1. Only one of G103, G109 is at pLDDT 95 or above, open to solvent by less than 50 Å² (accessible area, probe 1.4 Å) and in a strand (DSSP E or B). Can you tell me which?
2. Can you find a residue in the range 73-82 that is of a type outside the set (V, I, T), more than 21 Å from V149 (Cα to Cα) and part of a loop (DSSP other than H, G, I, E, B)?
3. In the range 37-67, what count of residues is obtained for those that are in a loop (DSSP other than H, G, I, E, B) and either open to solvent by 30 Å² or more (accessible area, probe 1.4 Å) or acidic (D, E) (or both)?
4. Take V14 and tell me if it is farther than 24 Å from R105 by Cβ and at pLDDT 95 or above.
5. Need pairs with beta-carbon distance below 7 Å; first residue surrounded by 13 or more Cβ atoms within 10 Å (Cβ to Cβ) and within the range 17-29, second modelled with pLDDT of 95 or more and among the polar types (S, T, N, Q); sequence gap 6+ or separate chains.
6. Take the conditions within 21 Å of L33 (Cα to Cα), open to solvent by 50 Å² or more (accessible area, probe 1.4 Å) and among the small types (G, A, S) and apply them to S72. Does it pass?
Amino acid sequence: MRTFANITEFKAAVGEHLGHTEWREVTQEQVNLFADATGDHQWIHVDVERAKQGPFGATIAHGYLSLSLLPSLMSELFQVGGLAMGINYGLNKVRFPAPVPVGARIRAGAEFVDLKGTPSGYLSNVRMTVEIEDAKRPACVAETLSLYVPAESS
């Protein structure tokens, strides 16, 4: 975990790799709960028996499940102090190069791409790469945007 005391310290880290999270297993329960939350019950995600005969040999996580884990994964990597709040601002680009088989372990790495001042605060661009243990291609690569609003000075 990298801790930046304030936005000035954070800005000094632009261009750096911010580290990797711990490995975590993707479970069938997570996939099923995500399917329930989104209404996406495609058999490659939720039908364990049918998926054994499918193109991946097992159920796989939804791509958007991998994407939805990014805020949690990012919070393992760094924090910025002196803020009133941080807001998820969106994404610039998202790709899902490889499926995540249920039972696989994933982790994320972060590259700090940019930080720009705006009238509302500071907009960061952090490229998150979700890796699958023992796989050649990542599960997800996304440029995440966050708006950091500094706390009022007293």
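The values are calculated or read from the model by the stated rules, or taken from the named source; none is laboratory data. Keep in mind the model is a prediction, meaning the values are calculated, not measured. Here the Cβ is made from the backbone with ideal geometry for all residues, glycine too, and neighbour counts use every protein chain on show. Note: areas computed on protein heavy atoms with side chains; ligands, DNA, RNA excluded. Shrake-Rupley method; radii C 1.70, N 1.55, O 1.52, S 1.80 Å.
1. Only one candidate passes the filter, namely G109.
2. There is no residue in the range 73-82 that is of a type outside the set (V, I, T), more than 21 Å from V149 (Cα to Cα) and part of a loop (DSSP other than H, G, I, E, B).
3. 10
4. So V14 fits the description; yes.
5. If the second residue must be modelled with pLDDT of 95 or more and among the polar types (S, T, N, Q), the pairs left are Q28/T59.
6. Taking the combined requirement at face value, the residue satisfies it.
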